[in-house]
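**Student:** Provided herewith is a single structure, encoded as structure tokens, for subsequent inquiry.
The values are calculated or read from the model by the stated rules, or taken from the named source; none is laboratory data. For clarity, every value in this text was computed on a predicted model and none was experimentally measured. Glycine also receives a Cβ, built like all others from the backbone with ideal geometry; neighbour counts cover every protein chain displayed.
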Amino acid sequence: MNDTPESPTTAEDLSTRTESDSFGPIEVPIDAPWGAQTARSLQFFAIGDQRMPLAIIHAMAWIKWAAARVNRDLDLLDPTRAEAIAEATLAVATGRHDPAFPLSVWQTGSGTQSHMNVNEVVAHLATMALRRDVRDAPSVDPHDEVNRGQSSNDVFPSAVHIAVADAATRDLFPALDALRSSFLDRSETFASVVKIGRTHLQDAVPLTFGQEFGGYVAQLDLCDATLRGAMPGLHALAIGGTAVGTGLNTHPEFGSRVADCLAARLEMPLAPATNAFAALAGKEALVAFHAALRMLAIALTKIAGDIRMMGSGPRAGLGELHLPANEPGSSIMPGKVNPTQIEALLMVCVQVMGHDTTVGIAASMGQFELNACQPVIAFDVLDSVRLLSDAMRSFARHCVDGITVDEVRVADLLGRSLMLVTALTPHIGHDRAARIARDANERGTTLREAALASGEISEAQFDAWTDPGAMLGPAAPGRGTT
């Protein structure tokens, strides 16, 4: 026995506790609900300030909730301890312990550190719950009990699919539908306003704003259909495959039961992947879904760019549209208003296109039975969903809904355009019509003046043949309409 007097306990000694894992002991903050593996991750992966998205943490907790119930029903877990685990996972899944998940997204490519973070926190919470009734109840083991029948390699990709599918259903599709509705409303409001069309950024034949905005609606409809077409891939889960897809160390019914339990609770059409080996090693479902996000970003870029140009000015640009004036646009030029909603949307679209490159490269980095770049794929896909959802909602509310047409400006540009000459082609031929347009352009006259000066067309004929309202659809059968 050592008779040397013990030194007084210091404040520093009280600030940590010792936890152990297979690598030995490590100090953990005294009040932290996690254990040794989370502490090691904090030590070895202090990279950046991007944290593992909470949506994935919550999804992993839902998987743990379902696993506890399934393991109980399969007589693989004591009912009392299973209930304590399920109670703890519900608390995590619903966001009541979010500060307990501080790990960087830049960690192991399988997401193991964050997976163990969840296992350790759930084990801690479940232990505390058990000890409310039995003071000396044994600790819940994060591996043998919380993680029974599971591996990071099937839990993490399943959680990513659940998180992305949930974000798409709750945020992306409603935001896309709201933007579509805004454009549909504008197309109906402007249905009768005829404007000059443009191809190659040059004057073209007329159309209505209703037709133009209706085209935007159709673009968004195609994006919506493509995104929805990619959803079944996200509803397929890797759970049950454990380490490499064989299902080693789990019950044969575990994966299907967990998927059924999650489908009922989360109200999603979740099911086990038809091939667990592909579900663990390949990320094609996420690649396909993000490719559809990229398609949406491309469509939004085109649409937003059109509106920005039509709203340019107000005096020295096209000036066809009046965009809502939400805030001052310049620190030096009084009264200047800029298309800020459009600019924010365009930046989001650029970010999403960049994310798509990252997702594709990361998905190609799988080797044999695992893709070891999963956290960055998950991070970027979820980021794209969130950014597009927020940006579309803001663009609809603060820009599209408030767009108006300057009908005087639109009529002036339409009247001065030379491309109404296209309507003369079926009557006088392409070459003669081209000469009239060229003469008008070279002499700085109107198309009407040039046509009458040619002596080939009467006033009545010109006015009848170049009525913009009669140029909005296919021509009647007759002479060529090139």
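**Student:** From Pro157, Pro206, Pro138, grab the single residue that is surrounded by 19 or more Cβ atoms within 10 Å (Cβ to Cβ), outside any helix (DSSP H, G or I) and not hydroxyl-bearing (Ser, Thr, Tyr).
**Tutor:** On inspection, the qualifying residue turns out to be Pro206.
**Student:** In the list Ala396, Ala391, Ala437, which residue meets the criterion of being over 34 Å from the mean Cα position of the chain (by Cα) and either modelled with pLDDT of 95 or more or outside the structural domain of Ile307 (by TED's automatic domain parsing) (or both)?
**Tutor:** The conditions single out Ala437.
**Student:** Looking for whichever is crowded, with 18+ Cβ neighbours inside 10 Å, out of contact with any Pro (no Cβ under 9 Å at 6 or more places or on another chain) and of a type in the set (Gly, Ala, Ser) here; the options are Ala325, Ala363, Ala291. Which one fits?
**Tutor:** Ala363
**Student:** When Leu227 is evaluated against the numbered criteria (1) more than 30 Å from Ala68 (Cβ to Cβ); (2) in contact with a Gly (Cβ under 6 Å, 6 or more places away or on another chain), which criterion, by number, is the only one it fails?
**Tutor:** Just one mismatch for Leu227, condition (2).
**Student:** Would you check which residues across segment 27-64 are surrounded by fewer than 18 Cβ atoms within 10 Å (Cβ to Cβ) and not in a helix (DSSP H, G or I) and list them?
**Tutor:** The answer is Glu27, Pro29, Ile30, Asp31, Phe45, Ala46, Ile47, Gly48, Asp49, Gln50, Arg51.
**Student:** Output the number of the condition that Ala278 fails; it satisfies all remaining conditions of (1) closer than 30 Å to Asp75 by Cα; (2) in contact (Cβ under 8 Å) with a residue 60 or more places away in the chain.
**Tutor:** Of everything listed in (1) closer than 30 Å to Asp75 by Cα; (2) in contact (Cβ under 8 Å) with a residue 60 or more places away in the chain, Ala278 misses just condition (2).
Okay, residues lined up against (1) closer than 24 Å to His398 by Cα; (2) part of a loop (DSSP other than H, G, I, E, B):
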{"site": "Ile196", "(1), (2)": "no, no"}
{"site": "Tyr216", "(1), (2)": "yes, no"}
{"site": "Asp224", "(1), (2)": "yes, no"}
{"site": "Gly229", "(1), (2)": "no, no"}
{"site": "Gly233", "(1), (2)": "no, no"}
{"site": "Gly241", "(1), (2)": "no, yes"}
{"site": "Leu248", "(1), (2)": "no, yes"}
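**Student:** Mind telling me which of the residues Arg438, Arg443, Arg393, Arg416 ends up being surrounded by fewer than 15 Cβ atoms within 10 Å (Cβ to Cβ) and in contact with a helix residue (DSSP H, G or I) (Cβ under 8 Å, 6 or more places away or on another chain)?
**Tutor:** When all the criteria are applied, what remains is Arg443.
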